[in-house]
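This report refers to the structure that appears directly beneath it.
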Amino acid sequence: MARSNRSRKTQPKAELRILGAMTGTSCDALDAACVSFSPQGWTLEEFFTSPYPAALRKRVLAIQEPQTRVSLAEILELERDLGAWYGQTLGRMAQKAGGVDAIANHGQTLAHHPAPQGRGTTLQAGTAARIAQASGLTVVSDFRSGDMAAGGQGAPLVPLFHSAIASGLAPVERGVSIHNIGGISNLTYLGPNDQILAFDTGPGNAWIDLAAAVASSGRLKMDRNGALARKGQPDLAAVDEILKHPFFKKPFPKSTGRDDFPFELLLTRTRSRGADLVATATLITIESIAHAYRQLKVGTRKRPLDRLLVCGGGARNPVLMEGLAVVLPGTRVGSLEECGMDPQTLEAQAFAFFGFCALFGNPIGGSWTGARGYAPPASITPGRNWPELLDKLSRFH
């Protein structure tokens, strides 16, 4: 009996350390969060960020321009080079973090075309095999294809993570929305009776960032602190015209991306330039978010909305935050920072969480994406540490 007790005491504990990685629509940086998972929960241990190489960013944006004609070889070469960059960068980050068991990499979205009945397509580039080879670690990737195969939109995926953290942030029965303003803007509404509703709302920072680049002749990659938007005057007619886009009339669940909202669409609808162009892009983001909450019919007894918590780069744009407070009267608008969370780390943390789910075969989409039945959560590429990882996974059972 004593030997049995000693055996239990010396049994290695169940713990996995996963490096979750995300590059968004804006292609501004690679963010990575090292998260430690145990049967009791998870803890953010370290956060890293690395700027996007300028030449690689230029290729990613160019390949997504409307009517672009590229060869299959060019697409494959970009996929290869993204994988090499991810592998080198994430490998260094994993070494700094120490003891990482797996990398969960979202990859760079090059195309996203949701469609009903499982006919949607999506492409997140960055060869997982190159990341595994460079880092020596097992890689979890391709998080959206399985959801689309099951009839889902493949986006937004973050609601599962949002629902997991929401109870510790605010009283859900009063209505809470965690709103991510990255390159594309998306919401997760959590309300009474276990309601989870989520969908993309339209352009987020993608147009604002590009407008800032145009306004500054390429010197700026973003409108830091909303400085340009505050100086400019928005083109209200252009805002109204953009809001007539068919996407805004679609019922949810729905998702979107650069394919629906190329920057050229804005440039063809307005003559604004300089700070006025940035102000116009910013107001489009604000008004499209307001439209989404009207479509959601929040503010009713069935769907109250007491608090809106913003994450992503938009949380640090005071002009955006002030605008949301105006268009959503009766709702407390704030940043996740007010709840003790760094908004910049959230998406990277989410993909570490999804990597953990995928290693156990647990789906990451749900009713909010429109998926039906079992949706494969991701692809797994074994690294040199695969045998050790399998042993660690077995300790969770």
Note to self: Any residue in the range 96-107 that is surrounded by fewer than 24 Cβ atoms within 10 Å (Cβ to Cβ) sitting within a Cβ distance under 8 Å of a residue that is among the aliphatic types (A, V, I, L, M)? List the pairs, counting only those 6 or more apart or interchain.
What the structure shows: A97/L19; D101/L16; D101/I18; D101/L137; D101/L389
Item checked: Options S185, S145, S216; residue that is surrounded by 24 or more Cβ atoms within 10 Å (Cβ to Cβ) and among the hydroxyl-bearing types (S, T, Y) -> S185
Checklist line | Residue match in the range 192-200 (condition: in a loop (DSSP other than H, G, I, E, B) and either of a type in the set (G, A, S) or more than 24 Å from F356 (Cβ to Cβ) (or both)) | finding: yes
Checklist line | Matching option when the condition is outside the structural domain of F247 (by TED's automatic domain parsing), in contact (Cβ under 8 Å) with a residue 12 or more places away in the chain and buried (at least 23 other Cβ atoms within 10 Å of the Cβ), among I63, I18 | finding: I18
Check: When the residues of the range 239-271 are filtered to those that are of a type in the set (S, T, N, Q) and in contact with a helix residue (DSSP H, G or I) (Cβ under 8 Å, 6 or more places away or on another chain), which remaining residue is surrounded by the fewest Cβ atoms within 10 Å (Cβ to Cβ)?
Finding: T270
Notebook entry, point to check: Here are E388, E287: which of them is surrounded by fewer than 15 Cβ atoms within 10 Å (Cβ to Cβ), outside any loop (DSSP other than H, G, I, E, B) and touching a residue at least 24 places away in the same chain (Cβ under 8 Å)?
Noted result: E388
Next item on the list: Only residues that are within 23 Å of G183 (Cα to Cα) and not in a helix (DSSP H, G or I): list them for the range 60-77, please.
Entry: Q64, E65, P66, Q67, T68
Notebook entry, point to check: Quick one: is P114 buried (at least 24 other Cβ atoms within 10 Å of the Cβ) and either over 16 Å from the mean Cα position of the chain (by Cα) or more than 26 Å from Q344 (Cα to Cα) (or both)?
Noted result: yes
Notebook entry, point to check: Is it true that some residue in the range 179-189 is part of a loop (DSSP other than H, G, I, E, B) and not small (G, A, S)?
Noted result: no
Note to self: Criterion first (more than 23 Å from R372 (Cβ to Cβ) and surrounded by fewer than 24 Cβ atoms within 10 Å (Cβ to Cβ)) does A84 satisfy it?
What the structure shows: yes
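Yes or no, residue by residue, for (1) within 26 Å of D276 (Cβ to Cβ); (2) of a type in the set (A, V, I, L, M, F, W, C):
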position: T188; (1), (2): no, no
position: A198; (1), (2): no, yes
position: G204; (1), (2): yes, no
position: R224; (1), (2): yes, no
Check: When both residues are 6+ apart or on different chains and their Cβ atoms are under 6 Å apart, which pairs have a first residue that lies in the range 250-265 and is modelled with pLDDT under 90, and a second that is assigned to a loop (DSSP other than H, G, I, E, B)?
Finding: P253/Q153; P253/W368; P253/T369; P253/G370; R258/Q64
Next item on the list: Using the structure shown, decide if A325 is without any contact (Cβ under 8 Å) to a residue 40 or more places away in the chain, among the aliphatic types (A, V, I, L, M) and assigned by TED's automatic domain parsing to the domain that holds T201.
Entry: yes
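Here's the yes/no breakdown for (1) surrounded by fewer than 17 Cβ atoms within 10 Å (Cβ to Cβ); (2) in a loop (DSSP other than H, G, I, E, B):
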{"position": "Q295", "(1), (2)": "yes, no"}
{"position": "L305", "(1), (2)": "no, yes"}
{"position": "A315", "(1), (2)": "no, no"}
{"position": "V326", "(1), (2)": "yes, no"}
{"position": "L346", "(1), (2)": "no, no"}
{"position": "W368", "(1), (2)": "no, yes"}
{"position": "G373", "(1), (2)": "yes, yes"}
Check: Would you say L187 is within 21 Å of V35 (Cα to Cα), at pLDDT 90 or above, among the hydrophobic types (A, V, I, L, M, F, W, C) and not assigned by TED's automatic domain parsing to the domain that holds T25?
Finding: no
Next item on the list: Look at N205 and say whether it is in contact with a strand residue (DSSP E or B) (Cβ under 9 Å, 6 or more places away or on another chain), more than 22 Å from G355 (Cα to Cα) and surrounded by 24 or more Cβ atoms within 10 Å (Cβ to Cβ).
Entry: yes
Margin query: Can you tell me which residue is modelled with the highest pLDDT among those in the range 358-386 that are of a type in the set (F, W, Y) and under 24 Å from K254 (Cβ atoms)?
Written below: Y374
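The values are calculated or read from the model by the stated rules, or taken from the named source; none is laboratory data. These numbers come from a predicted model, not from an experiment. Every residue, glycine as well, gets a Cβ built from its backbone with ideal geometry; the counts of neighbours run over all protein chains shown.
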